[in-house]
Amino acid sequence: MFRQTEIINQPSTIPPSKEEGEYLTINVGPQHPATHGVLHLVITLSGETIINIEPHLGYIHRSIEKMCESLSYRQFIYVTSRMDYLSSHINNHACALVVEKGLQVEVPQRAQYIRVIMDELTRIASHSLWWGAMAMDLGAFTPFFHAFREREAINEIMEETCGARLTMNYMVPGGVMVDLHPNFQQKTKALIQAYYNRLDEWDELVTGNIIFQNRMKGVGMLSAENAISYGCTGPVARGSGVSCDVRKIYPYEIYNQLQFDEILETGCDSLARYNVRLKEIRQSLKIVEQLIDNIPEGEFQAKTKAVLKLPKGEFYQRVETARGELGVYIVSEGGTTPYRIKFRSPGFSNLSALNHMVKGSKIGDLIAAMGTLDLVIPDIDR
Amino acid sequence: MTNEELKIKLTELNPAATFEEGGEWLNLFIDAADLLSFTKTIKENSELYFDYLFCLTCVDWKTHLTMVYHFSSTKHRHNIVVKVKLDRTNPEIETLSFLWRTAEFHEREVYELFGVKFLNHPDLRRLILTDDFEGWPLRKDFEDPINMIKL
C-alpha cells in the first residue's frame with residue numbers, strides 16, 4: 001500500500017527543457033487514428049509545447065491532374081470522386097459545371113433540383129461523420145456510433161438512386177446519370193424529420209458537455225486576416241468570421257433562389273468551427289426541405305454529343321464542398337481531353353494553416369485543432 | 001468593379017501589362033520582374049484590394065511555362081487572373097509567400113511538378129513526391145515507363 005502511493009506522487013512528466021538543441025521530434029502518422037488517413041506530421045516539441053509542425057504529404061498521391069490530361073471530358077469526372085470521397089457528389093458537380101460552362105449547355109430544371117438536393121445530403125453526411133470522428137478524437141466514443149447510424153440512412157438513399165455509397169459518379173455533363181428512385185422523396189422526408197430530433201440529441205450529448213467545451217475553447221486560434229492569407233475556406237474560415245460561402249457569393253445552379261443563411265462565428269477557435277458545422281447541417285436540412293416537394297417534372301439530362309469537345313480557352317468553376325471552396329481550372333486546346341487541369345482543393349489550403357494555428361500550444365490541443373480542420377487526405381494529395 | 005473598370009485601373013498601375021480577351025475574368029500578362037511589386041500594389045490598393053489568392057498553378061506550353069495566379073477580393077468580390085511567362089530551361093520567379101501565406105504550399109507543389117524555382121521562398125523542398133524523385137512530372141515531355149501516369 002505504502003509503495004503504491006509513493007509511485008503516484010512522483011512527477012509524471014519531465015519538465016520542459018529551456019535550452020535549444022534539446023527539442024524532441026516525434027512523428028504523428030502516416031498511420032495514426034487522429035489523422036484519419038495517411039497524413040504524416042513531423043512535430044518538434046519542447047516538453048509538451050509545440051515548436052513546429054511540418055506536414056509530409058504524398059502517401060496517397062495518384063497524380064490525378066496528370067491522369068485527367070489523357071481522359072475525355074466524360075471520363076475525368078469519375079476520377080474526381082476519389083479526391084474528397086466524403087463530398088464525391090460535390091466534386092462531380094464541379095466538374096460537370098465546368099464542362100457545361102465550356103459547352104454552354106442548358107441543364108434541365110429537374111436535374112438542377114436533384115443536384116442541389118444530392119449536394120446538401122452529401123454535406124449533411126460529411127458533417128455528421130466529422131462530428132462523430134471529432135468527438136472520438138477527444139475520447140468520447142459513443143457519438144461516433146450515433147453519427148454513423150444517421151449517415152447510414154443517407155447512404156441508403158444514395159445507394160438506391162446512384163447505385164453507390166461512396167464514389168457516386170452520379171452527375172454527368174448535362175444533368176444526372178439516372179432519374180430518382182421512386183422511394184427517394186418519401187425516404188428523404190422521413191430522414192429530415194428524424195435528423196432534426198437527432199441534432200438536438202447531439203447538442204445534449206456533446207455540445208453542452210463542459211469537458212468538451214473546455215477542450216475546444218481557445219484552441220487552434222486563427223484570425224480572420226490569417227484565414228484569408230492562408231487561403232482557408234469553408235467552415236474553417238467561417239469559424240473566424242470570414243464570409244466565403246460560394247453558394248451565396250458566386251451562386252451556381254438554383255442556390256440564388258433558395259432561403260438559407262451563411263453561418264458565421266467569431267470565436268476563431270475550435271469551438272467556433274464546431275458550431276459552424278453543426279449549424280450548417282440545419283441549413284442543409286432546410287434547403288432539402290424546400291426542394292423535396294417541388295422537384296419539377298421533365299428531363300433529367302440535357303442532350304449532349306457523344307464526344308465532348310471544349311472550345312479553346314480557359315474555364316474555372318468553384319463550388320462549396322463540405323470542406324470549403326473547390327476550384328476546377330481547365331485549359332482547353334479544343335481537343336477531346338483537357339490540356340491542363342488543376343484542382344484547387346480546400347483541404348490543401350486548410351492544412352497549410354495548421355502550423356500557424358497550433359504553434360506554441362500543448363500537444364494535446366493539436367488533436368482538438370486538427371480535428372476541426374476536417375482533413376480528408378486524398379483531397380490534399382490528389 | 002467590372003472587367004472594363006479593372007482593365008483601366010490596372011493599365012494605370014502597370015502600362016506594360018498586356019490583356020488577353022475571352023474568358024470569364026480579366027486575364028493579364030506581366031513580366032516576371034514586375035510580379036512582386038505589381039501584386040503588392042493590387043493587394044494594398046483599397047479600390048482593388050485583392051487579398052485572397054485562391055489558385056496558383058502553372059501550365060506547360062512546350063515552348064514556355066506560364067504561371068497562373070487567380071486573385072479575388074473578399075471586400076469587392078471581383079476576380080482577376082495574372083499570368084507570367086517563364087523560360088522553360090531555367091524558370092525562376094519571385095515567391096509570393098510573404099504576401100499570401102497560402103502561396104508557400106502551392107509554390108512547393110508547382111516547384112516539384114514543373115520545376116519552377118521560386119526565389120526567396122522560405123522552404124523550397126518537394127512536398128508530395130519523394131526527395132530523390134527525378135524529373136518534373138506535369139511537364140508535357142515527362143516520360144516515366146516504370147511509374148506510368150499516362151493512361
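The values are calculated or read from the model by the stated rules, or taken from the named source; none is laboratory data. It should be emphasised that the depicted structure is a prediction, and the values quoted were computed from it without experimental measurement. Positions of Cβ are backbone-derived with ideal geometry, glycine not excepted, and every protein chain shown enters the neighbour counts.
Brief remarks on what is shown
- Residue count for the stretch A:70-115, restricted to those that are in contact (Cβ under 8 Å) with a residue 40 or more places away in the chain, within 13 Å of chain B (Cβ to nearest Cβ) and not aliphatic (A, V, I, L, M): 6
- A:L264 being buried (at least 22 other Cβ atoms within 10 Å of the Cβ), assigned to a loop (DSSP other than H, G, I, E, B), away from chain B (no Cβ under 11 Å) and touching a helix residue (DSSP H, G or I) at 6+ places or on another chain (Cβ under 6 Å): no
- In the stretch B:98-109, the condition of being among the polar types (S, T, N, Q) and more than 10 Å from chain A (Cβ to nearest Cβ) is met by no residue.
- The residue of the stretch B:66-78 that is surrounded by the fewest Cβ atoms within 10 Å (Cβ to Cβ), among those that are within 11 Å of chain A (Cβ to nearest Cβ) and within 14 Å of the chain's Cα centre (by Cα), is B:T66.
- Comparison of B:D87, B:D123 shows that the only residue that is more than 9 Å from every other protein chain (Cβ to nearest Cβ) and surrounded by fewer than 17 Cβ atoms within 10 Å (Cβ to Cβ) is B:D87.
- The listed residues are A:L291, A:L222, A:L278, and the only one of them that is in contact (Cβ under 8 Å) with a residue 40 or more places away in the chain, buried (at least 18 other Cβ atoms within 10 Å of the Cβ) and under 17 Å from the mean Cα position of the chain (by Cα) turns out to be A:L278.
- Test: A:I53 is more than 30 Å from A:K359 (Cβ to Cβ) and among the β-branched types (V, I, T): no
- In the stretch B:4-48, of all residues being part of a loop (DSSP other than H, G, I, E, B), at pLDDT 80 or above and surrounded by fewer than 17 Cβ atoms within 10 Å (Cβ to Cβ), the one that is farthest from the other protein chains (Cβ to nearest Cβ) corresponds to B:D31.
- Residues satisfying the stated conditions in the stretch B:20-70, i.e. farther than 26 Å from A:C244 by Cβ and polar (S, T, N, Q): B:S37, B:T63, B:T66
- Any hit, the stretch A:273-286, residues being in contact with a Leu (Cβ under 9 Å, 6 or more places away or on another chain), in a helix (DSSP H, G or I) and more than 20 Å from A:N197 (Cα to Cα): yes
- A:L310 within 14 Å of chain B (Cβ to nearest Cβ), part of a loop (DSSP other than H, G, I, E, B) and surrounded by 22 or more Cβ atoms within 10 Å (Cβ to Cβ): yes
- Residue that is nearest to A:R340 (Cα to Cα), among those in the stretch A:45-55 that are surrounded by fewer than 16 Cβ atoms within 10 Å (Cβ to Cβ) and within 14 Å of another protein chain (Cβ to nearest Cβ): A:E54
- Looking only at residues of the stretch A:122-154 that are surrounded by fewer than 23 Cβ atoms within 10 Å (Cβ to Cβ) and among the aliphatic types (A, V, I, L, M), we find that the one that is farthest from A:E325 (Cα to Cα) is A:A140.
- When residues of the stretch A:343-369 are limited to those that are more than 20 Å from the chain's Cα centre (by Cα) and surrounded by fewer than 23 Cβ atoms within 10 Å (Cβ to Cβ), the one farthest from the other protein chains (Cβ to nearest Cβ): A:G364
- In the stretch B:142-150 there is at least one residue that is within 13 Å of another protein chain (Cβ to nearest Cβ), surrounded by 12 or more Cβ atoms within 10 Å (Cβ to Cβ) and over 27 Å from A:L326 (Cβ atoms).
- Pair list, Cβ under 8 Å, 6 or more apart: the stretch A:244-257 residue farther than 17 Å from A:G231 by Cα, other residue outside any helix (DSSP H, G or I) and aliphatic (A, V, I, L, M): A:Y252/A:V319; A:E253/A:V107
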